[in-house]
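The values are calculated or read from the model by the stated rules, or taken from the named source; none is laboratory data. Just so it is clear, the structure is predicted and the values come from calculations on it, not from any experiment. As a convention, Cβ positions derive from the backbone with ideal geometry for all residues, glycine included, and neighbour counts pool all protein chains shown. Accessible surface areas use protein heavy atoms only, side chains included; no ligands, DNA or RNA. Shrake-Rupley method; radii C 1.70, N 1.55, O 1.52, S 1.80 Å.
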Amino acid sequence: MYLSNWFVFCGVALLVTFTPGPGVLLAISNSLTIGPWRSMISSLGNMVGLFIVSGVTMAGMGVVLATSAIAFTALKLSGAAYLIYLGIKQWRSKASLFSDTQSQASSLSGWRLFCQGLTVALTNPKAILFFAALFPQFIKQDAPVLTQFTVLTTTFAACALISHAFYVLLARSLKSQFANPRRMQLFNYVSGGLFVVLGLSLLRLRNKTA
């Protein structure tokens, strides 16, 4: 692809990835409860999930979701259910920044954190429809499609990782603001509520056949 097209795609990818969504919210939440470095494990899982979503889109799942009401609804419900589950779990959390960070970190294995980010990416039908709608705008038909898909996916995943790191560091710098247990509990309520809202927003998502 042309370098100018790639720069335009970078701009779009940065704009999309820096807009707070489930992945960003999960990174911020984990950053305040288990620390910034371990929270990035879930972001790596999210990054791998984006590669899988991109591959699924390339295999034609974007078309399937756009034309099959059953497949679209199934993925939509699973994604909404997982986000609502995360929201309820966050809402009920009693985690405080005064508690022992190491004991909190040990209660969540790296694999579990990785799977959190992976699941958030894989159960979001918006991601597949987004890739299906966006990628064709930047792909040249007279050039190797696989190579272009790899470049675009890697670029988008890198932008997502950068945005997560930014929000994680921002949350880290504001950690002192949550030193008060009441403020931390308020954060749990707000972030938990946002997860639920994001989950409910998926239920309102419609495909072309709806």
Query raised in the report: If you go through segment 117-173 one residue at a time, how many are over 14 Å from the mean Cα position of the chain (by Cα) and of a type in the set (V, I, T)?
Result: 8
Report summary line: When every residue in segment 186-210 that is surrounded by fewer than 20 Cβ atoms within 10 Å (Cβ to Cβ) and modelled with pLDDT under 70 is compared, the one nearest to S43 (Cα to Cα) is L205
Query - Positions within segment 147-171 being buried (at least 18 other Cβ atoms within 10 Å of the Cβ) and among the aliphatic types (A, V, I, L, M), in sequence order - result: L152, A157, A160, L161, V168, A171
**Report entry** Among residues of segment 119-138, those that are open to solvent by 30 Å² or more (accessible area, probe 1.4 Å) and either hydrophobic (A, V, I, L, M, F, W, C) or modelled with pLDDT of 75 or more (or both), counted
**Finding:** 6
Query - Neighbours by Cβ (under 6 Å, 6+ apart or cross-chain): first from segment 135-152, closer than 12 Å to M58 by Cβ; second modelled with pLDDT of 75 or more and open to solvent by less than 50 Å² (accessible area, probe 1.4 Å) - result: F135/L152; I139/Q148
**Report entry** Spans of helices (runs of 4 or more DSSP H) in segment 14-85 with at least 3 residues modelled with pLDDT under 85 and surrounded by fewer than 21 Cβ atoms within 10 Å (Cβ to Cβ)
**Finding:** 36-58, 61-67
Query - Identity of the residue in segment 1-13, of a type in the set (A, V, I, L, M, F, W, C) and part of a helix (DSSP H, G or I), that ends up nearest to A80 (Cα to Cα) - result: A13
